[in-house]
Structures are given as C-alpha cells and as structure tokens.
1. List pairs: first in region 196-212 and closer than 19 Å to His176 by Cβ and modelled with pLDDT of 95 or more, second open to solvent by 90 Å² or more (accessible area, probe 1.4 Å) and in a strand (DSSP E or B), Cβ under 9 Å, 6+ apart or cross-chain?
2. Considering only residues that are under 24 Å from the mean Cα position of the chain (by Cα), of a type outside the set (Phe, Trp, Tyr) and under 19 Å from Gly99 (Cα atoms), which ones fall in region 174-194?
3. Every residue in region 79-135 that is aliphatic (A, V, I, L, M), farther than 23 Å from Gly150 by Cα and in contact (Cβ under 8 Å) with a residue 60 or more places away in the chain, please.
Amino acid sequence: MCCSHGSLLLFFLFPLYNPFYQSHKNRPNTSVTRPYISVIRADMFSLVLFVSLQTILLAHVHDFDRHLLNTVHKPTFYEGYCDGDPAVYSYHIHLLFWGNNRDHVNSALELRKQFIEKFNLQDKKCDISPADPAPGHEMCAFGVDLAPAGPFTTAQYAFFIPPDRLQETSMWMLQHRGVHDVFIHPNSGCAVYDHTKWNTFAGDKWPVDVSVFPPL
C-alpha cells in the first residue's frame, strides 16, 4: 500500500519540479512553439528521471520494512531476564526421527510433505535463523537435517509457528506423527530454557545438547 502511495505522490508532484514542464507551461501561447524533437527529448528525460526516483523510493521502503521485521519486539536482556516470565514470540515444532533407518526417513519426509500441503507452506521456506524468535514472521518450513545438528542428537526438521497458529498445527502434528517423536518449544530468546524447561515432547524424549547455545 505504501509503495503505491509513493508512486502516485511522485507522479503528481514531479511535474512541479520539472524545469522542462515549467518552461513549456509558462511559454506564451503563440503559433511558434519549440520544435517537436525538443519536446520529445524533454518528455523522455522526465520519464527516465521519474522512473529512477520511483525505483530509489521503493528500494528504501523495502529496506525499511525488512528492518522493522528484524528488529521489532526483539528481547531486551537484563540480569535475571530468563528467570522471570519472558515474552514468547514464536514456537518451533520439530519432528525427530531415526536418520539411519530408511523407512523412518521416508515416512518422516512424507509427513513433512503432508504438513506443508495442509498449511499451504509450499513457497514458504524459512529465511530466518532457527535461533531468531522472529516476532511477526509468518509460518514457514526449515530444512531437513538427516544427521544430528545444532542441539539435536538425531535427524530432525522443524516448522516456525506464530503463536496464533500453535494449537492447530501442533494438534495436527501430534495426531499424524506415527512412529516419530515431536518436540515443541517456545522462542523467547532464552534458548537454553526454551529447549529444556519450557518444551514438551510427544513420543520418546531425546537428549538435547544445550552446550551449543550461549550461556544464560
């Protein structure tokens, strides 16, 4: 919406600052006018300058939007922050499975496909770090780790879940997990507690290596 408004603003205001327009506008109404070729060149110059200004404006608008997405409501840490009641900005739903078992891998990947289709995530791959609480970010799918990675000691994949989508997505995953294990945790910025104190498992409880996280 802001981009279209900016374009319209430039479109209507630009002629006021265009010297070719002003000179032509103020020219006395006589039968002798500027040669047509000069007018065409002036109009082409005006169009090129207008498009250039519009491109610069839109680039700055997009950069500003990305900046807001990455900075709004990020946790402000202070001593004892994680020992209180920190805000929860998002959740991760992980599916943990045996990476050395072909049947488990195949069924886990099929379940991931079904989840993506169920919640329309075909074109929504996560472009954020798994460590980022990313407040306000839309639901998306992280990649697949077929070997232990990060704090996880087995193969796994995850989905980024906004708070208002947690109930429907977690219920669906719990009902369809089959032989696999589900690990759900909040994202408050307190990664150690998010993965150890405020998490929940369905199925087997796998050990989590929190040594990869910054200390509290």
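1. If the second residue must be open to solvent by 90 Å² or more (accessible area, probe 1.4 Å) and in a strand (DSSP E or B), no pairs are left.
2. Once the filter is applied, which keeps residues that are under 24 Å from the mean Cα position of the chain (by Cα), of a type outside the set (Phe, Trp, Tyr) and under 19 Å from Gly99 (Cα atoms), region 174-194 yields only Val182.
3. Of everything in region 79-135, just one residue is aliphatic (A, V, I, L, M), farther than 23 Å from Gly150 by Cα and in contact (Cβ under 8 Å) with a residue 60 or more places away in the chain, namely Ala87.
The values are calculated or read from the model by the stated rules, or taken from the named source; none is laboratory data. None of these values were measured; they are calculated from a predicted model. A quick note on method: Cβ atoms are made from the backbone with ideal geometry, for glycine too, and the neighbour counts reach across all protein chains shown. Please note that ligands, DNA and RNA were not included when accessible areas were found on the heavy atoms of the full protein model with its side chains. Shrake-Rupley method; radii C 1.70, N 1.55, O 1.52, S 1.80 Å.
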